[in-house]
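Participant: Would you mind keeping the following structure in view while I ask a few things?
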Amino acid sequence: MDEHEVRALLPADRPVTVLHDPADDVAVTHGLLAAHDPAAGVVVVHPTPGSHAGQVLAVDILNALGRSVARLSAERINGPDAIWHAVAAWVDAECVDHLIVLRAHRLRDEQRMRLLQLRWLTGVRLVLVWHTRTVHADRDLDLVGLPHEVTTDLAGLLGELAAQPRLPDEPNPADDRDLPAVPHSDFDKFRADAARTLDPAAFGRIDAVYTAALHEVCRYLADREWADPDDHGHPYTEVWSGRARPVLAKARGHDIDPALFSGEPEDDDAYRYPLQVMLAALVADSPGLRCTITRVRGAQAALQLHGWRLELPNLAFSVGPGLTSTPLTTAVVDRIRARVPSAPRAAALATALFTGATPGELAMLYLDHLSPAATHLTTGHRGRIYAVPPIARPLLRAAHTQITLNNPARRGLLIGGTGPKGRTLRISADVCGIRLPACHRYANTWIANITVAADQPRPDRDLLYALQLTDTPARTARSRSA
């Protein structure tokens with residue numbers, strides 16, 4: 001390794017650890033293999049015996065990560081660079097903290113060089129297990145100029161691995177069938193109709209989802225100084241209590257725009273776009289139609305408390321995320337991870353499920369459309385907006401990394417993941433045994449067709465109940481349920 005190569009590998013901040021096992025004790029190997037826990041960021045690799053190619057070691061790492069190495073050729077992950085780029089993408093996206101390589105004394109120069117490059121690209125802590133009587137890091141490992149440490153303290157390493165925090169389990173949305181039928185009513189009658197038509201236990205489940213959405217939207221408004229951060233600054237609470245209209249509530253020195261309280265907003269899109277982002281995030285992990293409708297009705301109530309009248313198309317006959325898309329569960333995402341080793345293909349399949357977008361629109365998603373935290377896909381101001389469920393974000397991050405490493409000049413985020421007329425997407429779905437949802441153009445979705453107005457409807461008892469300003473709704477009303 002020349003000086004230029006060494007300097008290129010220096011940015012990793014943690015030293016390479018060489019665990020010396022002079023007796024080649026089987027207990028060392030068994031103890032480390034038992035510590036393998038990708039969910040805790042610990043991956044232990046046992047290299048294929050007798051193979052000295054860097055490409056084979058990369059396949060061993062993918063296998064340890066739980067990826068289907070049998071489909072590498074089918075998904076065009078061929079050649080050493082392509083396979084190592086896939087390894088880097090998954091190691092980075094899955095937040096692998098420790099990569100432990102057994103029998104490291106048998107690795108060749110190319111294999112060690114690839115591991116050091118992986119360490120530099122991802123920041124993973126590299127642990128090389130050396131099963132020989134002696135070890136000289138400078139001579140045997142060629143680590144001159146790289147921070148490294150040689151240790152025989154297996155117990156200390158295992159203790160460190162045991163203390164490694166596991167990644168929190170992503171929320172797994174409850175089965176939509178557990179929710180009772182919800183009213184078709186608009187938001188001003190929705191909560192009242194639910195209370196009148198459902199038994200107390202069923203209404204309690206609906207109301208818990210409704211209230212959580214209402215509070216989440218109020219926090220969203222408060223975070224943007226559109227309301228008081230402490231009490232969410234519900235200006236209409238005072239209006240409907242008999243105060244003069246309009247009420248210009250002040251949130252810690254920030255005046256609420258009078259345009260929110262009377263007449264039409266000066267620029268509808270200036271309000272509409274951030275609300276579309278918020279609504280997309282609100283329903284991103286919804287388990288189905290009923291939960292989506294309930295969350296959106298709670299959001300409408302919260303917005304009305306702040307002077308916004310959010311008009312929606314009839315959700316019972318609408319399409320788009322949360323309504324006609326396929327909910328992503330832990331089981332679904334685990335199946336995609338296990339059977340689709342190509343990160344762009346895995347990300348394309350997951351994105352098709354949670355958006356219901358057409359293959360053409362998926363193919364037009366670019367690297368810079370993915371937000372830094374992988375929470376949203378946005379195609380620019382007033383463009384398409386998709387919120388990424390937390391459980392799918394590692395797949396999108398992996399696709400971004402793999403595409404960037406393979407060809408920095410390429411812009412497409414899901415290159416190779418959709419195929420002509422969606423053919424590759426359908427192949428991936430078949431491999432995973434997953435049914436693709438009906439696809440719809442973004443322009444036809446419910447989120448794309450919201451309208452925003454600033455008005456103050458005449459309050460009645462059902463509307464006050466929707467806004468949680470009274471404890472009981474009106475006695476009777478007509479309603480249909482979904």
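The values are calculated or read from the model by the stated rules, or taken from the named source; none is laboratory data. Keep in mind it's a predicted model, so treat the numbers as computed, not measured. Neighbour counts are summed over all protein chains in view; Cβ atoms, including those assigned to glycine, are modelled from backbone coordinates with ideal geometry. In case anyone asks, the SASA skips ligands and DNA or RNA and just uses the protein heavy atoms, side chains included. Shrake-Rupley method; radii C 1.70, N 1.55, O 1.52, S 1.80 Å.
Participant: If I model a spin label as a point 7 Å beyond the Cα along the Cα-Cβ vector, how far apart are those points for Ser371 and Asp471 in nm?
Facilitator: Inter-label distance under the simple model: 3.9 nm.
Participant: Would you please give the FRET efficiency between Thr151 and Asp81, computed as 1/(1 + (r/R0)^6) with r the Cβ-Cβ distance and R0 = 41 Å, to the nearest 0.05?
Facilitator: Efficiency, from the Cβ-Cβ distance: 0.80.
Participant: Could I ask something else about it? Remind me, relative contact order of region 281-424 in percent, using alpha carbon pairs under 8 angstrom and six or more residues apart?
Facilitator: About 26 percent, as a whole number.
Participant: Let me ask something else. Ignoring ligands, DNA and RNA, what accessible area per residue does region 272-397 give at 1.4 Å, in Å²?
Facilitator: 27 Å²
Participant: Taking amide H atoms as placed 1.01 Å from N in the peptide plane, list the residues 5 or more away in sequence, or in a different chain, whose amide H sits under 5 Å from that of Asp37.
Facilitator: Under 5 Å from the amide H of Asp37 lie the amide H atoms of Val42, Val43, Val44, each far enough along the sequence or on another chain.
Participant: Could you order peptides 124-134, 282-292, 441-451 by the average number of other Cβ atoms within 10 Å of their residues, highest first?
Facilitator: Listed from highest to lowest mean packing, they are 282-292, 124-134, 441-451.
Participant: Local charge sum around Gly360 (other residues, Cβ-Cβ under 13 Å, Lys/Arg +1, Asp/Glu -1)?
Facilitator: For residues surrounding Gly360, the net value is +3.
Participant: Considering only C-alpha atoms, what is the centroid distance from region 399-461 to region 55-80, in Å?
Facilitator: If we compute the Cα centre of each part, the gap is 27 Å.
Participant: If packing is taken as the average number of other Cβ atoms within 10 Å across a peptide's residues, how do 428-438, 300-310 rank, most packed first?
Facilitator: Highest-to-lowest ranking by the protection proxy: 300-310, 428-438.
Participant: Could you check the spin-label model distance between Arg461 and Ala53? Points 7 Å from the Cα along Cα→Cβ, value in nm.
Facilitator: Label-label distance for Arg461 and Ala53, simple model: 7.8 nm.
Participant: Write down the accessible area per residue of region 49-90 in Å², having rolled a 1.4 Å probe over the full set of protein chains.
Facilitator: Here the residues of region 49-90 average 39 Å² of exposed surface.
Participant: Amide H neighbours of Arg309 under 5 Å, at least 5 residues apart or on other chains, H built in the peptide plane: list them.
Facilitator: Ala453, Ala454, Asp455
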